[in-house]
Amino acid sequence: MTKAIEDLREAVLAADEEAALEATRALLEAGTDPRAILEDGLARAMTELGQRWNRGEAFLPEVVAAADIFKLCNELVEPALLARGGRRTGHLFVIGTVEGDLHDLGKNIVKVMLQTAGFEVLDLGKDVPAARFVQAVADRRPRLLGLSALLTTTMLEQRTVIEALRAAGLRDTVRVMVGGAPVTAEWAAEIGADAYAPSAPAAVETALRLVGQGAGGVADG
């Protein structure tokens, strides 16, 4: 990680909007790979902040402020990233945090990175009941469905959604990815998910792999 990207990461963690935007502009003007800015600077900062939140070392005002800064900086990075990559996958990815879980920081990072990778993303938000996921799959026929859970108590809802898809006769129409702090590749296999991703960059890589291959088993990102 370069010093400039490290400065960006620290600015986001400090919720210093002016410094973060200045660092982002400077990196773009210097010709830094926009994907590195997003992944190594912005996304890594938000991932670290999420870990601090889980450990009780960060508080809601810090998280909200940093999330807002992430969005503002990403608005600068996204055009450059799309201009460099210029790709659209042509695939719809429906994503949401499962019922009972109000955490959406990680899900929001994944959403942004999927969009910059060329996916159309339908974000159902947080605390989403299984029936709403099923309805979205029935109505929109996405290629991929992402289920986020940040609590051990709510990760059980990932299984509920998959079972509801199966009961509705829709399970074979969509690839299901699961993620979140307590989620593991073993859990994904146990509940019949198609893939597990331990991080936002891994989620994008896994999603791209899933839309480019036939039916497969569980991937660990």
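The values are calculated or read from the model by the stated rules, or taken from the named source; none is laboratory data. Computed from a predicted structure; not experimentally measured. Here the Cβ positions follow ideal geometry from the backbone for every residue, glycine too, while neighbour counts run over all protein chains shown.
Looking at this structure, is Thr97 hydroxyl-bearing (Ser, Thr, Tyr), under 22 Å from Gly179 (Cβ atoms) and not in a helix (DSSP H, G or I)? Walk me through how you get there before you give the answer.
Numbers: hydroxyl-bearing (Ser, Thr, Tyr): yes; under 22 Å from Gly179 (Cβ atoms): yes; not in a helix (DSSP H, G or I): yes.
Yes: the conditions hold for Thr97.
Right, Gly96: in contact (Cβ under 8 Å) with a residue 24 or more places away in the chain, surrounded by 17 or more Cβ atoms within 10 Å (Cβ to Cβ) and within 20 Å of Ser148 (Cα to Cα) or not?
So Gly96 fits the description; yes.
Mind checking which residues of segment 113-145 are under 24 Å from Glu75 (Cα atoms) and in contact (Cβ under 8 Å) with a residue 60 or more places away in the chain?
Keep residues of segment 113-145 that are under 24 Å from Glu75 (Cα atoms), which gives 113-126.
Scanning segment 113-145 gives Met113, Leu114, Thr116, Ala117, Phe119.
Let me spell it out: the conditions are (1) modelled with pLDDT of 80 or more; (2) surrounded by fewer than 21 Cβ atoms within 10 Å (Cβ to Cβ), and Gly85 meets all of them except one. Which number is the exception?
Of (1) modelled with pLDDT of 80 or more; (2) surrounded by fewer than 21 Cβ atoms within 10 Å (Cβ to Cβ), only one is false for Gly85: (1).
List, please: which pairs have Cβ atoms under 7 Å, are six or more places apart or on different chains, and start with a residue in segment 1-12 that is outside the structural domain of Arg44 (by TED's automatic domain parsing) and end with one that is among the aromatic types (Phe, Trp, Tyr) and assigned to a helix (DSSP H, G or I)?
If the second residue must be among the aromatic types (Phe, Trp, Tyr) and assigned to a helix (DSSP H, G or I), no pairs are left.
Mind telling me which of the residues Glu120, Glu163, Glu157 ends up being within 24 Å of Leu105 (Cβ to Cβ), assigned by TED's automatic domain parsing to the domain that holds Ala195 and modelled with pLDDT of 95 or more? So that I can check it myself, show each step before the final result.
Values: Glu120 fails: modelled with pLDDT of 95 or more; Glu163 fails: within 24 Å of Leu105 (Cβ to Cβ).
Answer to the selection: Glu157.
Which number in (1) closer than 24 Å to Glu120 by Cα; (2) among the hydrophobic types (A, V, I, L, M, F, W, C); (3) modelled with pLDDT under 95 marks the one condition that Leu151 misses?
It is condition (1) that Leu151 fails.
Output the residues belonging to segment 120-154 that are in a helix (DSSP H, G or I), surrounded by fewer than 20 Cβ atoms within 10 Å (Cβ to Cβ) and either within 17 Å of the chain's Cα centre (by Cα) or among the small types (Gly, Ala, Ser) (or both).
Ala131, Ala138
Among the numbered criteria (1) in contact with a strand residue (DSSP E or B) (Cβ under 9 Å, 6 or more places away or on another chain); (2) part of a helix (DSSP H, G or I); (3) among the charged types (D, E, K, R), which one does Arg9 miss?
(1)
Please work out if Ala15 is among the small types (Gly, Ala, Ser), more than 24 Å from Leu124 (Cα to Cα) and outside any helix (DSSP H, G or I). Outline the logic, then answer.
Working: among the small types (Gly, Ala, Ser): yes; more than 24 Å from Leu124 (Cα to Cα): yes; outside any helix (DSSP H, G or I): yes.
For Ala15, the condition - among the small types (Gly, Ala, Ser), more than 24 Å from Leu124 (Cα to Cα) and outside any helix (DSSP H, G or I) - is met.
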